[in-house]
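For reference, the structure is listed below as structure tokens.
The values are calculated or read from the model by the stated rules, or taken from the named source; none is laboratory data. It should be emphasised that the depicted structure is a prediction, and the values quoted were computed from it without experimental measurement. In this analysis, Cβ positions are derived from the backbone assuming ideal geometry, glycine residues included, and neighbour counts consider all displayed protein chains. Heads up: the accessible areas ignore ligands, DNA and RNA and are worked out on the full protein's heavy atoms, side chains in. Shrake-Rupley method; radii C 1.70, N 1.55, O 1.52, S 1.80 Å.
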Amino acid sequence: MPAAADPGPAGWDRRIDGALTGVVELCGASSGCLYLLPEGEEVLHLTVVRGLPAEFVAPWTRVAVTAPVPVADAVRRRALVWSGSQQDFAREYPRSAVTMPYHFALAAAPVEADGVCVGALLLLWPSAHPQYLREAERAVVTAGCARLGELLAEAAPAVPSRPRVLPLRLAAAKLPETAARAFAERLPGGSCAMDLNGRIVFLTDTACALLGAGPEKLLGALPWQALPWLDDPAYEDRYRAAIISREPAAFTAMRPPDRWLAFRLYPSGDGISVRITPAADGPEPVPPSRPVPVSRAGQIYQIMHLAAALTEAVSVDDVVALVAEQVLPAFGADGLALLTAEHGRLLVTGYRGYSADAMARFEDIPLKVRDTPTLRALTTGIPGFYGSSAELAEAYPDVPQVTGKQAWAVLPLITSGRPVGCLLLAYDRPHPFAADERTVLTSLAGLIAQALDRAHLYDTKNQLAHDLQQALLPHTLPAVHGLQVAAHYLPTTRGMDVGGDFYDLIRLGPKAAAAVIGDVQGHSFPAAALMGQVRTAVHAAAGASPEEVLVRTNRLLCDLDPGLFTTCLYAHLDLAAGRAYLVSAGHPPPVLRPPGGPARVLDIPPGPPMGIDPDAIYPITETAFEPGALLLLYTDGLVEAPGTDLGRAIAALAGQLDHSLSGDLEVTVRELVARARRAGRRWDDIATLLLQAGPA
């Protein structure tokens with residue numbers, strides 16, 4: 001009897017891992033990464049890695065869909081992204097290139113399931129790869145993405161806290177171990193082998209003699225940890241360059257007190273072979289009186305990546321997310337809390353690795369209290385480092401230790417001599433903080449403080465803009481017998497979150513109403529203020545014939561001469577007669593779905609936008625609006641995007657209305673907006689007004 005297939009998560013993971021491995025091997029890539037995009041999120045999560053150490057990809061374990069990186073571009077464009085050289089990569093993605101100064105080729109492609117983007121595939125090739133993607137390789141990538149999409153469609157996988165790093169399938173040794181060792185020992189100089197994570201897995205007796213340490217100390221260790229004189233970011237950088245570019249690398253290092261050694265690194269898909277030979281001389285050593293602060297290369301790259309990313313952080317939430325994604329893996333921390341000083345009190349802005357109950361103890365503490373590490377750091381500007389719970393207890397015997405953490409770095413966030421908050425890094429185990437690590441963390445706190453200060457200013461302005469927008473839009477729409485209505489407003493992804501899009505419903509009688517939607521040019525406070533004036537003018541003119549409503553409003557705007565024009569669509573709905581009368585001032589045409597469908601775009605002859613020509617006229621269009629009919633009014637943010645043909649996008653909207661139709665109008669209109677977001681639009685505000693005629 002054949003064994004049953006494994007339906008559990010482990011079996012499903014194995015199929016995902018196998019599909020990723022197949023793509024990497026078939027197209028000759030050196031490494032591959034699979035990202036997942038959970039439903040409703042705007043962040044890609046790195047899930048599986050093959051061919052690279054987890055440390056190398058730590059800066060990119062979480063990638064916003066809006067980020068300027070290849071995997072995010074592939075998702076937004078729904079197309080394969082190719083970078084054939086380090087020069088191309090630096091030109092197209094300068095922020096990422098700062099932390100990846102190596103030679104390689106790269107491809108990123110979206111992974112789709114049932115027409116929805118559910119992730120992305122990232123592949124790297126060695127520097128020897130041609131600067132173009134071969135057709136056979138492109139076919140493999142396309143087929144691999146399709147297979148991954150099929151697997152992801154079967155289940156909604158949980159996003160892991162850390163990506164899985166797949167082990168390599170090594171070829172069987174062709175020589176017995178003793179013969180291989182004898183061969184290596186006969187070569188001049190010393191030989192050793194490192195795996196892709198940088199750990200020593202083999203070395204000869206001559207290598208041990210040259211390095212000045214035995215195999216019991218070196219095997220399984222990272223060279224820069226086992227041998228302090230190799231603990232220099234420049235040496236680790238050569239290892240990284242060899243792994244990513246698959247090109248040989250070399251450096252010279254001095255073994256104390258005065259012996260120079262030459263190292264040559266020869267990489268392959270499963271590790272690095274290293275030749276160690278005596279060197280006649282080397283670089284000028286740094287005198288003992290000039291100590292060089294040393295930090296892990298991985299931390300340096302993380303910091304460079306964070307510094308570049310923080311320049312693009314807009315809101316406080318952006319800052320919290322970036323700090324959590326970059327700082328935690330860079331320093332091996334297990335918990336993080338970002339606290340801000342507001343109105344004389346300490347407030348929790350964001351955290352990772354802590355429970356909500358633990359964070360509640362930090363919330364709303366007066367800044368006058370100085371008997372805690374966080375408040376002392378914030379009020380004095382002096383960082384605190386506590387390598388164990390005993391150290392913390394000695395410094396603060398009255399502070400209860402209830403979080404289970406065992407080491408802490410408490411970093412004040414100071415900008416322009418003013419405290420803006422405090423960053424708390426915590427470890428689950430004791431963690432002695434070396435002098436160089438303290439220096440790096442203190443410098444890092446300055447970068448975060450500046451970004452946090454900018455973000456607070458943005459959030460304050462954004463809240464003001466949001467409040468203004470909400471005050472100008474209708475809080476509720478009037479109830480009209482025989483008419484169901486759903487409205488939705490969504491501001492742009494970035495910016496002031498205030499603009500000129502508006503909608504309204506005006507009750508004209510027991511069986512009549514006017515529906516209006518419009519868009520004032522620009523995204524600014526003047527645009528929002530003008531939008532309020534337009535709404536008021538339309539309200540004042542409502543009840544007149546539809547064309548007269550726009551004529552009067554247009555004359556008012558021309559008299560005001562605000563320097564901005566306004567598009568508008570006005571619909572007079574006669575529910576008793578089952579008719580609709582529509583006029584347009586340069587606005588996108590509405591979509592009408594008669595009872596039973598299908599939906600179609602109405603041909604409404606537009607007049608010019610309002611605020612330009614005081615003598616403009618606006619032709620009227622009459623159409624049936626019988627019980628069961630749907631009328632969709634919208635602003636161009638729902639359909640417009642760079643590179644998209646507006647006419648085709650509007651025509652496609654009619655089909656989307658049929659597809660999204662639900663018994664609940666609110667659900668229908670939100671699905672239409674969600675489709676626009678998934679299509680990567682959001683370049684403009686989106687206002688929608690959906691109306692359905694019912695029994696009179």
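Scanning region 252-282 for residues that are part of a strand (DSSP E or B) and either under 20 Å from LEU187 (Cα atoms) or open to solvent by 40 Å² or more (accessible area, probe 1.4 Å) (or both) yields a total of 21. Within region 363-378, restricting attention to residues that are in contact with a strand residue (DSSP E or B) (Cβ under 7 Å, 6 or more places away or on another chain) and modelled with pLDDT under 70, which residue is nearest to ARG418 (Cα to Cα)? Checked region 363-378; the qualifying residue nearest to ARG418 (Cα to Cα) is LEU367. For region 652-692, taking the residues that are among the aliphatic types (A, V, I, L, M) and open to solvent by 60 Å² or more (accessible area, probe 1.4 Å), the one that is modelled with the highest pLDDT is identified as VAL667. Being closer than 23 Å to GLU150 by Cα, of a type in the set (Asp, Glu), modelled with pLDDT of 80 or more and crowded, with 18+ Cβ neighbours inside 10 Å is the requirement here; does GLU42 meet it? Here the answer is no, as GLU42 does not meet what is asked.
So which residues in region 416-442 are small (Gly, Ala, Ser) and either in contact (Cβ under 8 Å) with a residue 40 or more places away in the chain or crowded, with 23+ Cβ neighbours inside 10 Å (or both)?
The first filter runs over region 416-442 and keeps only residues small (Gly, Ala, Ser), leaving 416-417, 421, 426, 434-435.
Matches in region 416-442: GLY421, ALA426, ALA435.
Scanning region 223-248 for residues that are within 16 Å of TYR266 (Cα to Cα) and out of contact with any helix residue (DSSP H, G or I) (no Cβ under 9 Å at 6 or more places or on another chain), which turns out most open to solvent (accessible area, probe 1.4 Å)? Residue satisfying both the conditions and the ranking: ARG238.
With the condition kept exactly as written, say whether any residue in region 202-222 is open to solvent by 50 Å² or more (accessible area, probe 1.4 Å), closer than 30 Å to LEU106 by Cα and not hydrophobic (A, V, I, L, M, F, W, C). No, region 202-222 has no match at all.
Here ALA105 fits the description: touching a Phe, Trp or Tyr at 6+ places or on another chain (Cβ under 6 Å), open to solvent by less than 10 Å² (accessible area, probe 1.4 Å) and more than 20 Å from LEU37 (Cβ to Cβ).
If you go through region 630-651 and keep only what is in contact with a Lys or Arg (Cβ under 9 Å, 6 or more places away or on another chain) and buried (at least 21 other Cβ atoms within 10 Å of the Cβ), you end up with LEU630, LEU631, LEU632, GLY637, LEU638, VAL639.
Any residue at all in region 613-620 that's of a type in the set (D, E, K, R), part of a loop (DSSP other than H, G, I, E, B) and farther than 26 Å from VAL480 by Cα? Before you say what the answer is, go through the steps one by one.
Within region 613-620, the subset of a type in the set (D, E, K, R) is 613, 615.
Pick out the ones that are also part of a loop (DSSP other than H, G, I, E, B) and you get 613, 615.
Pick out the ones that are also farther than 26 Å from VAL480 by Cα and you get 613, 615.
So far as region 613-620 goes, yes, one or more of its residues are of a type in the set (D, E, K, R), part of a loop (DSSP other than H, G, I, E, B) and farther than 26 Å from VAL480 by Cα.
Taking region 534-549 as the range and being within 43 Å of the chain's Cα centre (by Cα) and of a type in the set (A, V, I, L, M, F, W, C) as the test, the residues that pass are VAL534, ALA537, VAL538.
Can you report the number of residues in region 126-154 which are more than 18 Å from ARG15 (Cβ to Cβ), of a type outside the set (Lys, Arg) and either open to solvent by 50 Å² or more (accessible area, probe 1.4 Å) or in contact with a Leu (Cβ under 7 Å, 6 or more places away or on another chain) (or both)?
So in region 126-154, the residues more than 18 Å from ARG15 (Cβ to Cβ) come out as 126-139, 141-142.
Filter once more, keeping what is of a type outside the set (Lys, Arg): 126-133, 135-137, 139, 141-142.
The next check asks that each one be either open to solvent by 50 Å² or more (accessible area, probe 1.4 Å) or in contact with a Leu (Cβ under 7 Å, 6 or more places away or on another chain) (or both); those that pass are 128, 131-132, 135-136, 139, 141-142.
Count: 8.
Taking (1) of a type outside the set (A, V, I, L, M, F, W, C); (2) in a helix (DSSP H, G or I); (3) surrounded by 18 or more Cβ atoms within 10 Å (Cβ to Cβ) in turn, ASP88 satisfies each apart from (3). Considering GLY32, GLY18, the condition of being small (Gly, Ala, Ser) and open to solvent by 10 Å² or more (accessible area, probe 1.4 Å) is satisfied by GLY18 alone. Counting only residues that are within 11 Å of THR621 (Cβ to Cβ) and part of a loop (DSSP other than H, G, I, E, B), region 582-604 holds 5 of them.
Condition check ((1) open to solvent by less than 60 Å² (accessible area, probe 1.4 Å); (2) farther than 24 Å from LEU632 by Cβ) across all residues:
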site	(1), (2)
HIS539	no, no
LEU560	no, yes
TYR570	yes, no
ARG579	no, no
ALA585	yes, no
VAL601	yes, no
GLY607	yes, no
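Scanning region 572-581 for residues that are assigned to a loop (DSSP other than H, G, I, E, B) and either among the aliphatic types (A, V, I, L, M) or free of Cβ contacts under 8 Å to residues at least 60 places away in the same chain (or both) yields LEU575, ALA576, ALA577. Does GLY51 satisfy being open to solvent by less than 40 Å² (accessible area, probe 1.4 Å), more than 23 Å from the chain's Cα centre (by Cα), modelled with pLDDT of 85 or more and within 18 Å of GLU154 (Cβ to Cβ)? Against the criterion (open to solvent by less than 40 Å² (accessible area, probe 1.4 Å), more than 23 Å from the chain's Cα centre (by Cα), modelled with pLDDT of 85 or more and within 18 Å of GLU154 (Cβ to Cβ)), GLY51 does not qualify.
Taking region 68-82 as the range and being buried (at least 23 other Cβ atoms within 10 Å of the Cβ) and touching an Asp or Glu at 6+ places or on another chain (Cβ under 9 Å) as the test, only PRO70 passes.
So which residues in region 171-205 are among the small types (Gly, Ala, Ser) and either part of a loop (DSSP other than H, G, I, E, B) or modelled with pLDDT of 85 or more (or both)? If the condition is that a residue be among the small types (Gly, Ala, Ser) and either part of a loop (DSSP other than H, G, I, E, B) or modelled with pLDDT of 85 or more (or both), then ALA171, ALA172, ALA173, GLY189, GLY190, SER191, ALA193, GLY198 are the ones that fit. Each residue in region 380-415 was checked for being under 26 Å from GLN450 (Cβ atoms), open to solvent by less than 50 Å² (accessible area, probe 1.4 Å) and either touching a helix residue (DSSP H, G or I) at 6+ places or on another chain (Cβ under 8 Å) or not small (Gly, Ala, Ser) (or both), and 11 of them qualify. Against the conditions (1) open to solvent by less than 60 Å² (accessible area, probe 1.4 Å); (2) within 30 Å of TYR93 (Cβ to Cβ); (3) modelled with pLDDT of 70 or more, ALA358 satisfies every one except (2).
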